[in-house]
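Where a number appears in this text, it was derived from the coordinates with a stated rule and is not lab data. Keep in mind that this is a model prediction, so the values were computed, not measured. Methodologically, a virtual Cβ is constructed for each residue, glycine included, from the backbone with ideal geometry; neighbour enumeration extends over all protein chains shown.
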Amino acid sequence: MKHWVKVPLPYELMRIRNENTKKFFQEVKRWLPTAFPNCELMLIHQTFAYCRKCSESKIEKELTSIGSTTESRD
């Protein structure tokens, strides 16, 4: 866990966890990239998300592959 980041989850997300686990994971996956764009979710433990720091080149490569996939659908 050398390059991992421990991110505290917002209270609003933790409330959802107690009500609906599936919705909780969906919301965390949606929230995390906007709050921490250079991190990739690895696991959730208690009130924290543990994320791996992504390099800029990896993010650019993923965005490029997403763009090429989208273009091929047109």
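Here's how it looks for C54: its modeled amide H is under 5 Å from those of C39, E40, which are all 5 or more places away or on a different chain.
Residues T47, T21, arranged from fewest to most other Cβ atoms within 10 angstrom of their Cβ, appear as T21, T47.
Length gained on full extension, Y50 to H3, computed as 0.36 nm times the residue gap minus the Cα-Cα distance: 15.9 nm.
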